[in-house]
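These notes are about the structure you will find just below.
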Ligand code: GLU
């Protein structure tokens, strides 16, 4: 078996990489790594008019954030292959080969000529039927062609797609696909500015870089028959193609787009960016997502890992990945699940790894207690930034407004303070038993005093487990907080 080589080939033209691109990147990465192969990142910058270098910087920063290190990339090429940026690669020998073998031809049609053709024929397509009536090296004499070239007349080079030929390939996700060449036009290989077209460069680079599997979005499926024609023309091995399902809106209606993602509160891009209107758009990173949790969430949009376990490490995702479990049809985006996955990652994080996110205000707590505080905080948080809402409760005495501590509460808690020396604070059971016994003595249900106690200790109606909270606060701080509530009007 050949070494599996996959790639993602961003075009720095229309968008900052969005979640669809990232998912394509991930599946390519998983497949390569699963088979001990290579994952490449190539820059497809043949469209010079719409070139935006900041998209390339963004792509690299995104890979850094995701922790994806390509085996070769446009920022770190494999020198035996040469540049991983198409504008720096030379395709002239490939063009020459196609011209020499009569598979490609010069087309001198001006914009006016093409406009006329479009006007006179509805759905005009430059192809086997129409090329015979256009201005190209197949219809012109050799002398005229030479003269046109010698005088510097503008031209493109087109591929002569054969008429009415079925091209069949087996898509690793969708199965057998047949597309007739009557739907394919004579695509441009070399543009009038002398730069190779997407189709030419994409196929030549995939071959030169040894790409064995082309995983890309379903929007490319109609380009594949033409790419196959090119592989055949050059006599090259055809890679395995796999076209990935669309990512759909959460309601399943329509494709997730920048606009609909915004409507559903889904960040369209992994990192934040400033859009063309100068407005900063939050990315997943800004929302506080752990990069691996984000990868885990995205990996499940359109792929079934084959078991019920949804929380996976990078190693799990790589080893479980399989193209035959990628869905054929569009997969819905589920933001609640993404949030849940992030919270699971947080809960599984070691407390030590969370220390950088924790506001430790002073040294009043031992390491053991800090551990208990972080455990409580993790339990009630979805994101790292939520942790301090719980942690702060242990450093700041609560500010209580709009709450009346009733007589039952005051009776029970005064007695609790009177008996505090008998309470073993390192034992949550002992704290609870003491309160329960006092409640019993007064004939008051423990449930009646708990809301007051929670308010006194943490200033709210909800929060971490109360007995554990008291155990951490310990005697002095517990006395202080309860006493404050007892004297409150
Ligand atoms: N440059 C193309 C893109 O922007 C790559 C398509 C492909 O993967 O062949 O997505």
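Where a number appears in this text, it was derived from the coordinates with a stated rule and is not lab data. Note that this is a predicted model, so its numbers are computed, not measured. Reconstructed Cβ throughout: ideal geometry from the backbone, glycine too, with neighbour counts over all protein chains shown.
Laid out as a table, the results:
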item	result
Two-decimal Rg to Rh for region 136-282 - Kirkwood Rh, Cα set	1.09
Bridge type composition, the chain - antiparallel percent by DSSP, nearest 5	60
Fewest-first sequence of 169, 59 by Cβ atoms within 10 Å of each Cβ	169, 59
Principal-axis tilt of helix 224-234 within the chain, Cα atoms, nearest 10 degrees	50
Estimated [θ] at 222 nm from DSSP helical runs (n ≥ 4, -39500 (n - 2.57)) normalised by residues in the chain, nearest 500	-12500 deg cm²/dmol
Extension reserve of the residue 47-residue 69 stretch, reckoned as 0.36 nm per residue once the Cα distance is removed	5.3 nm
Beta bridges per DSSP with both ends in region 166-270, % antiparallel, nearest 5	60
For region 156-182 and region 258-305, distance of Cα centres in Å	35
Between 0 and 90°, nearest 10: helix 53-66 axis offset from the chain longest Cα axis	50
Cα centroid separation, region 83-132 to region 336-383 (Å)	60
Relative contact order of the chain, pairs being alpha-carbon contacts under 8 Å that are 6 or more residues apart, as %	12
Convex hull of the chain built on C-alpha atoms - directionally averaged projected area, nm²	31.4
